[in-house]
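A quick write-up on the structure given underneath.
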Amino acid sequence: MTEESQTSQIGAGLMQIAQILRADQWATGEQHGLTPTQIGVLRALVARGPLRVTELSKLLVVSQPTMSDVVSALEAKELVLRRPDPDDGRAKVIAATRKAEDLAPALTRSDTLADAIGHLGDADRAALKRALVLVIRHLQTAGAVSPQRHCLTCRFFRPYAHSDAAEPHHCAFVDAAFGDASLRLDCGDHENAPAEQAHDAFVRFEMQGSD
């Protein structure tokens, strides 16, 4: 199979998964009177804290006018509110209300996908997570997605710092070794690494520790 054919087949598989996730979001949204984009905003705000409309639009890959409409709709539902930006008194950030925080657990589940992943063995789950981190990092480097809070861009990440094949990486935040199965794609403790460190970590991770 050619590389082009492989890419096409992987893309088709990811599209199928995306369609399932979208269908799950619509089903969940119908229960709570929300659209998938509104759910995405609430999930982002609960996980990351207050964000500007511009940040939300980049994160969810929608236009700013569309995001403004989404935020207004959520305000009317008393799920978000606008606050002064502590870094710029002239700007506003969007914050989740307590009502949204209480609702969040019901919006973050995808039983269909969770059940499918649950059937994978440990090695396959680790390989899947490693592949996802690499794909997201490449997309981020290309400017196709906004910066994500994953290990490869975190200042605490030390790829292939240990000789143990099962747990070759090191997290300086918790001072512990870990393997691909424990890679984080959205970590609340993430802190951006300097550009050079993030680049070196990316290369070392992609090359599996080879110099």
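Modelling each spin label as a point 7 Å along the Cα-to-Cβ direction, I'd like the residue 146/residue 55 distance in nm, to one decimal.
Those two pseudo-labels are separated by 0.8 nm.
Provide 207, 67 ordered by accessible surface of protein heavy atoms (probe 1.4 Å), highest first.
Numbers: 207 105, 67 0 Å².
These residues rank, largest area first, as 207, 67.
List, largest first, the extents of the alpha carbons of the stretch 58-104 along their principal axes, each in whole Å.
Principal-axis extents of the Cα atoms in the stretch 58-104, largest first: 28, 24, 18 Å.
Can you tell me which lysines have their Cα less than 27 Å from the Cα of residue 77? Leave out same-chain residues fewer than eight positions away.
The reachable lysines, counting only those whose Cα sits under 27 Å from residue 77, are 58, 92, 99.
Which one of 51, 117, 16 has its Cα pushed farthest toward the positive end of the charge dipole of the stretch 1-132, where Lys and Arg give +1 and Asp and Glu give -1 at the Cβ?
51
Let me have the 222 nm mean residue ellipticity of the chain computed from DSSP H runs of 4+ only, each contributing -39500 (n - 2.57), with the sum over all residues rounded to the nearest 500. Can you show the working numbers first?
Numbers: 8 runs with 114 residues, N = 211.
So the helix-based figure for the chain works out to -17500 deg cm²/dmol.
Specify whether the C-alpha gyration tensor of the stretch 72-181 places it in the rounded, prolate or oblate class, a ≥ b ≥ c being the square roots of the eigenvalues: rounded for a/c under 1.5, otherwise prolate if a/b is larger than b/c and oblate if not. If you can, show how the numbers build up before the last one.
Numbers: a/c = 2.38, a/b = 1.59, b/c = 1.49.
It is prolate, given that a/c is not under 1.5 and a/b is the larger ratio.
Taking θ as phi - 60°, what are the ³J(HN,Hα) couplings along the stretch 152-168 by the Karplus curve (6.51, -1.76, 1.60), each to the nearest whole Hz, with x for Gly and Pro?
Ordered by residue, 3J(HN,Hα) equals 5, 10, 9, 5, 8, 7, 10, x, 6, 7, 10, 7, 5, 5, 6, 9, x Hz.
Rg and Dmax of the stretch 83-137 over Cα atoms: what are they, in angstrom?
My reading of the Cα-based Rg and Dmax gives 18.4, 51 Å.
State which helices in the chain qualify, where a helix is a whole DSSP H run, it must extend 15 Å or more along its own axis by its Cα atoms, and its mean Kyte-Doolittle hydropathy must be at least 0.0. Please report the intermediate quantities before stating the final value.
Working: long enough: 3-32 (43 Å, -0.59); 36-48 (18 Å, 0.68); 64-76 (18 Å, 0.25); 122-141 (29 Å, 0.17); 195-206 (16 Å, -0.54).
The answer, listed by residue number, is 36-48, 64-76, 122-141.
Between [x] -0.53, -1.03, -1.46; [y] -0.57, -0.88, -1.23; [z] -0.43, -0.89, -1.70, which entry matches log10 I(q)/I(0) by the Debye sum over Cα atoms at q = 0.10, 0.14, 0.19 Å⁻¹ as derived from the coordinates of this structure?
Entry [x].
Pull out the extension gain between residue 182 and residue 6, defined as 0.36 nm times the separation in residues minus the alpha carbon to alpha carbon distance; nm, one decimal. Display every interim value, and only then the final one.
Values: separation 176, 0.36 × 176 = 63.36 nm, distance 2.68 nm.
The span from residue 182 to residue 6 would gain 60.7 nm if fully extended.
Put a dot 7 Å past each Cα toward the Cβ at residue 102 and residue 189; how far apart are the dots in nm?
3.1
Considering the alpha-carbon set of the stretch 16-125 alone, what are its Rg and its Dmax in angstrom?
15.5, 51
The values are calculated or read from the model by the stated rules, or taken from the named source; none is laboratory data. Predicted model only: the values in this text are computed from it and were never measured. Because the Cβ atoms are built from the backbone with ideal geometry, glycine has one as well, and the counts that use them run over all protein chains shown. Accessible surface is based on the protein model in full, side chains and every heavy atom, while ligands, DNA and RNA are left aside. Shrake-Rupley method; radii C 1.70, N 1.55, O 1.52, S 1.80 Å.
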